[in-house]
Amino acid sequence: MLLFDNLTKIYAGGKVAVDGLNLEVQSGDVFGFIGHNGAGKTTAIKCAVGLTNVTSGDVFVDGVSISKNPIACKKLFAYVPDNPDVYEYLTGIQYLNFLADVYKVGKEDREKAIYSLTDKFEITDALGNVISAYSHGMKQKLVLTGAIFRRPRLLILDEPFVGLDPQSIVALKEIMKELCNNGTAVFFSTHVLDVAEKLCNKVAIIKQGKLVACGKTDELTEGKSLEETFMEVVKNV
């Protein structure tokens, strides 16, 4: 569903942010992407969703190139960035209806899906308020709702648990599992290794732009915690 094909991103000045990344996420995967700050996670994700041009290589979503067919590619996935930037002059429900209009989701389908999610994230009562009055955590829940309610085939999340309260973290984990059980692929970066260990069937570790470990979570950890495995891998590479 998501394929990084020898992806390389070099910024002006010669900074290599991502170096020959080869990685595949399949339908039904909950795939964790982990690494230190500055390891290249966010850059790789921005390349995958078309926010940053690649230097070489490519990223494919269900066989569609983000470089050659960006519009067709973007119809196949939903993306939540690490900072929930939204149209703050809209109300929450106006923002969600705008997204539903863009993706041509019918009125009946959108209402059922939207309110099911906002109830789980406990923001339904705030949907009539302008987004500028939302806290960071409420904006994060709104953006997550906007990405998930249309049931994309691929969900790409950059640090999705940051800013969420414990109850919403539990709700998001349950939603991610449900999506994957229905064939959606979920690819997300995180620093919360205990969550990744319990939630992900596969993980990848990136260091200084290079993939240094990848595989099924239980096979990669070999009976150790993901935190222990991560520290050993990044120390020895």
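Starting with the highest mean, order 72-78, 185-191, 127-133 by the number of other Cβ atoms within 10 Å, averaged over the residues of each peptide.
Highest-to-lowest ranking by the protection proxy: 185-191, 72-78, 127-133.
What angle do you read, to the nearest 10 degrees and between 0 and 90, between the alpha-carbon axis of helix 107-121 and the longest principal axis of the chain?
The angle comes out at about 70 degrees.
Roughly what % of DSSP beta bridges within the chain run antiparallel, to the nearest 5?
Just about 55 percent of them are antiparallel.
Please give, to one decimal in nm, the separation of the simple spin-label points placed at Lys224 and Thr8, each 7 Å out from Cα toward the Cβ.
Between Lys224 and Thr8, the label points sit 3.1 nm apart.
Leaving out ligands, DNA and RNA, and with a 1.4 Å probe, what % of the accessible surface on the chain is carbon or sulfur?
Percent of accessible area from carbon and sulfur atoms in the chain: 48.
Report Tyr103's accessible area, 1.4 Å probe, all protein chains in place, as a number in Å² to the nearest 10.
Around 90 Å² of this residue is reachable by solvent.
What residues have an amide H closer than 5 Å to that of Lys207, excluding those fewer than 5 places away on the same chain, when H is modeled at 1.01 Å from N in the peptide plane?
Those qualifying (amide H under 5 Å, at least 5 residues apart or on another chain) are Val212.
Given the rule -39500 (n - 2.57) for each run of at least 4 DSSP H residues, summed and divided by the residues of the chain, what is its mean residue ellipticity at 222 nm, to the nearest 500 deg cm²/dmol?
-11500 deg cm²/dmol
Among residues other than Glu178 whose Cβ falls under 13 Å from its Cβ, what is the net charge (Lys/Arg +1, Asp/Glu -1)?
Counting the neighbours of Glu178, the net charge comes to +3.
How would you rank 52-59, 106-113, highest first, on the average number of other Cβ atoms within 10 Å across their residues?
Result, highest mean Cβ count within 10 Å first: 52-59, 106-113.
For the chain, find the longest principal axis of its Cα atoms and tell me its angle to the long axis of helix 166-181, 0 to 90°, nearest 10.
Taking Cα atoms only, the helix is inclined about 80 degrees.
Non-local amide H neighbours of Phe31 (under 5 Å, H modeled in plane, Pro and chain starts lacking H): which ones?
Those lying under 5 Å, H to H, from Phe31 are Val186, Phe187, Phe188.
Taking K and R as +1 and D and E as -1, what net charge do the other residues with C-beta under 15 Å from the C-beta of Val192 add up to?
Taking every other residue near Val192 into account, the sum is -4.
Can you list the aspartates and glutamates whose alpha carbon sits under 18 Å from that of Lys235, skipping same-chain ones fewer than 8 residues off?
List returned: Glu222, Glu227.
How much length, in nm to one decimal, is gained on full extension between Ser27 and Val130, taken as 0.36 nm per residue of separation minus their Cα-Cα distance?
Result: 33.5 nm gained on full extension.
Distance between the C-alpha centers of region 65-127 and region 137-167? Whole Å please.
10
If you take every DSSP beta bridge whose two residues both sit in region 116-237, what share of them, in percent to the nearest 5, is antiparallel?
Around 55 percent of the beta bridges assigned by DSSP in region 116-237 are antiparallel ones.
Subtracting the Cα-Cα distance from 0.36 nm times the residue separation, let me have the gained length for Ala72 to Leu51 in nm, one decimal.
Gain on extension, Ala72 to Leu51, equals 6.1 nm.
Excluding residues fewer than 8 places away in the same chain, name every one of the lysines whose C-alpha is closer than 21 Å to that of Lys15.
Partners found: Lys41, Lys46, Lys207, Lys210.
Leaving out same-chain residues fewer than 8 places away, which lysines sit with a Cα under 24 Å from that of Lys120?
Candidates past the 8-residue exclusion: Lys104, Lys107, Lys112, Lys139, Lys141, Lys173, Lys177, Lys198.
Angle check, please: helix 226-236 long axis (alpha carbons) against the longest principal axis of the chain (alpha carbons), in degrees 0 to 90, nearest 10.
Approximately 40 degrees, to the nearest ten.
Run the quick spin-label model on Asp58 and Lys112: label points 7 Å from Cα toward the beta carbon, then report their separation in nm to one decimal.
3.8
Assign one of three labels to region 13-86, namely rounded, prolate or oblate, based on the Cα gyration tensor with a ≥ b ≥ c the square roots of its eigenvalues; rounded applies when a/c is under 1.5, prolate when it is not and a/b is larger than b/c, and oblate otherwise.
Rounded.
Please work out the average accessible area per residue across the chain, using the 1.4 Å probe convention, and give it in Å².
Each residue of the chain exposes 47 Å² on average to a 1.4 Å probe.
Give the Debye-formula value of log10 I(q)/I(0) at each listed q (0.22 Å⁻¹), with one equal scatterer per alpha carbon of region 44-143, two decimals each.
-1.12
Quote the relative contact order of region 105-178 in percent (integer), defining contacts as alpha-carbon pairs under 8 Å separated by 6+ residues.
37 percent.
Which of the peptides 6-12, 208-214 is most tightly packed, and how do the rest follow, going by the mean number of other Cβ atoms within 10 Å of each residue?
208-214, 6-12
Give a residue-ordered list of calculated ³J(HN,Hα) values for region 125-136 (Karplus: 6.51 cos²θ - 1.76 cosθ + 1.60, θ = phi - 60°; whole Hz; x for Gly, Pro).
5, 9, 5, x, 8, 5, 5, 4, 8, 6, 6, 4
The values are calculated or read from the model by the stated rules, or taken from the named source; none is laboratory data. Please read all numbers here as calculations on a predicted model, not as lab measurements. Cβ: placed from backbone, ideal geometry, glycine included. Neighbour counts: every protein chain shown. These accessible areas exclude ligands, DNA and RNA; they are computed on the full protein's heavy atoms, side chains included. Shrake-Rupley method; radii C 1.70, N 1.55, O 1.52, S 1.80 Å.
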